[in-house]
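The values are calculated or read from the model by the stated rules, or taken from the named source; none is laboratory data. The model shown is predicted, which means the values in this text are computed figures rather than measured ones. Using ideal geometry, Cβ is built from the backbone for each residue, glycine included, and neighbour counts are taken over all protein chains shown.
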């Protein structure tokens, strides 16, 4: 039951983009088309899940026993950058078409603060390894859900009349605020 609460909470209640406001840069930048949003979502799910698998043991078996917690952020950033490079190499080798479609978005995962945020939150919330992986994947699914909803809305808005002052980032941020309000309706469901 606790894992279900973690999953539901990470996807809907404490959504990284719409509640914690982490990962807004790739969220706004990649949400113009559903296809690119889907590719980015899959990559983020993989990287966030692997980040939990790699950073949890590093924290508990290397940093804490040696009293090196002050290096946590630097070590986690290096781990995330390495994982993103690994994903980039694998995607380039297995599916060159997907690699071309994702283009610059794959390296952008390295700078996605949501990935670093999930690694640090796993430690702050004192999750064990299983809970860390579940939380990380659920947070990534929540990120993907918000990203795909936003991409769908932005694609539909391309064919609608939008006043000149609201075109572009302005409308994207207004839509993000409205989505955030909609997702806030889930708060209190697990209490």
(message) Here is a list: 98, 106. Which entry is within 27 Å of residue 32 (Cβ to Cβ) and under 14 Å from the mean Cα position of the chain (by Cα)?
(response) 106
(request) Residues being closer than 13 Å to residue 18 by Cβ and surrounded by fewer than 17 Cβ atoms within 10 Å (Cβ to Cβ): count how many of those fall in region 154-179. (result) 3
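What are the residues in region 155-177 that are more than 19 Å from the chain's Cα centre (by Cα) and in a helix (DSSP H, G or I), if any?
Result: 155, 156, 157, 164, 165, 166, 169, 170, 171, 174.
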(message) Just to be sure before I move on: is residue 130 surrounded by fewer than 14 Cβ atoms within 10 Å (Cβ to Cβ), assigned to a helix (DSSP H, G or I) and in contact (Cβ under 8 Å) with a residue 40 or more places away in the chain in the structure I sent?
(response) yes
(request) Please find, among 30, 45, 53, the residue that is modelled with pLDDT of 90 or more, surrounded by 18 or more Cβ atoms within 10 Å (Cβ to Cβ) and under 16 Å from the mean Cα position of the chain (by Cα). (result) 45
(request) Would you mind stating whether residue 146 is surrounded by 12 or more Cβ atoms within 10 Å (Cβ to Cβ), assigned to a helix (DSSP H, G or I) and in contact with a helix residue (DSSP H, G or I) (Cβ under 6 Å, 6 or more places away or on another chain)? (result) no
(request) Run residue 189 past the list (1) exposed (fewer than 13 other Cβ atoms within 10 Å of the Cβ); (2) without any contact (Cβ under 8 Å) to a residue 40 or more places away in the chain; (3) within 30 Å of residue 4 (Cα to Cα); (4) more than 18 Å from the chain's Cα centre (by Cα) and report the number of the one that doesn't hold. (result) (2)
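For every residue, the table says whether it meets (1) assigned to a helix (DSSP H, G or I); (2) loosely packed, with under 13 Cβ neighbours inside 10 Å; (3) touching a helix residue (DSSP H, G or I) at 6+ places or on another chain (Cβ under 8 Å).
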{"residue": "60", "(1), (2), (3)": "yes, no, no"}
{"residue": "70", "(1), (2), (3)": "yes, yes, no"}
{"residue": "79", "(1), (2), (3)": "yes, no, yes"}
{"residue": "84", "(1), (2), (3)": "yes, no, yes"}
{"residue": "88", "(1), (2), (3)": "yes, no, yes"}
{"residue": "91", "(1), (2), (3)": "yes, no, yes"}
{"residue": "97", "(1), (2), (3)": "yes, yes, no"}
(message) Taking the condition of being farther than 16 Å from residue 175 by Cα and in a helix (DSSP H, G or I), how many residues in region 1-25 meet it?
(response) 12
(message) Given the criteria farther than 17 Å from residue 140 by Cβ and either within 17 Å of the chain's Cα centre (by Cα) or without any contact (Cβ under 8 Å) to a residue 12 or more places away in the chain (or both), does residue 77 qualify?
(response) yes
